[in-house]
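To keep things clear, I will list the structure first and then write my remarks on it.
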Amino acid sequence: MFAPAEIEHKIEAAYTPLMEQRIRSTIDIPDIALIYPKACHTEYKYDSVPEHTFSVVLEKDPAVLKWLRPTPKQFKIWYAGGKLYEPDFIVESADAIYMVEVKNRHDIRDEDVKHKAQAAKKYCEHVNVFAPKPWRYVQQVDTYIKRSSTLAGSFPFARFLALALPAPLMLLCRCLIKKYGLFPVIKSL
């Protein structure tokens, strides 16, 4: 007869590999030990499948020079009364450095998400005083992330405009886009 701890260990030993295999095949996440030549580290933990897919986009896109997933507390970006914001990705291209937040389309209008975006944009403004390349904050909506995307193609034009352009120019773009319907996604901003 087995002790309860032994039974639990035997079940876990048999069950865990099967579940991991099933989960990986269901959501298409490769093994943890991946090689990321453009990244700062060789292994990363992802909070969602779109985040993992975005890392694949970054690796295969020739426009991306380097990228990383910041470690906890690597960036001191405070928002909404003392909460710490940690961006999902930092991506360097030839012309800019992007602070990227991957968000579910249903969470974009959340107040907490808006406060994080404001704090991140302010952080980028401060960094731009000293940085050799401009820093830009981008919220990447998960529905636009596809393995076939590129860095430029994965950022919806309207979402990028909303976060990168000065307010008067953004207002002009919104009016033109609303009138001519060029980019319907901007209507949801």
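Values computed for the structure shown
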read-out	value
Qualifying residue in the stretch 99-106 (condition: more than 18 Å from Gln139 (Cβ to Cβ) and at pLDDT below 90)	no
Leu84 vs. criteria hydrophobic (A, V, I, L, M, F, W, C) and over 30 Å from Ser148 (Cβ atoms)	yes
Total residues in the stretch 42-78, condition within 19 Å of His115 (Cα to Cα), among the aromatic types (Phe, Trp, Tyr) and touching a strand residue (DSSP E or B) at 6+ places or on another chain (Cβ under 7 Å)	1
Single unsatisfied condition, Lys66 versus (1) among the basic types (Lys, Arg); (2) surrounded by 14 or more Cβ atoms within 10 Å (Cβ to Cβ); (3) within 22 Å of Val141 (Cβ to Cβ)	(3)
Some residue of the stretch 117-137 being among the β-branched types (Val, Ile, Thr) and within 22 Å of Thr53 (Cβ to Cβ)	no
Some residue of the stretch 42-58 being at pLDDT 50 or above and over 20 Å from Ile145 (Cα atoms)	yes
Extreme residue, nearest to the chain's Cα centre (by Cα), among residues of the stretch 69-78 that are assigned to a loop (DSSP other than H, G, I, E, B) and under 16 Å from Tyr137 (Cα atoms)	Arg69
Filtered residues of the stretch 84-140 (kept if farther than 19 Å from Ala63 by Cβ and aliphatic (A, V, I, L, M))	Leu84, Ile108, Val113, Ala117, Ala119, Ala120, Val127, Val129
All positions within the stretch 79-96 that are more than 25 Å from Val49 (Cβ to Cβ) and either assigned to a helix (DSSP H, G or I) or in contact with a strand residue (DSSP E or B) (Cβ under 6 Å, 6 or more places away or on another chain) (or both)	Tyr79, Ala96
Qualifying positions in the stretch 129-149 - surrounded by 14 or more Cβ atoms within 10 Å (Cβ to Cβ) and part of a helix (DSSP H, G or I)	Asp142, Tyr144
Answer from Glu92, Glu111, Glu51, Glu59 - the residue that is of a type in the set (Asp, Glu) and under 13 Å from the mean Cα position of the chain (by Cα)	Glu51
Failed condition for Trp78, given (1) surrounded by fewer than 20 Cβ atoms within 10 Å (Cβ to Cβ); (2) at pLDDT below 90	(2)
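The values are calculated or read from the model by the stated rules, or taken from the named source; none is laboratory data. Computed from a predicted structure; not experimentally measured. With ideal geometry, Cβ positions are generated from the backbone for all residues, glycine too; neighbour counts draw on all protein chains shown.
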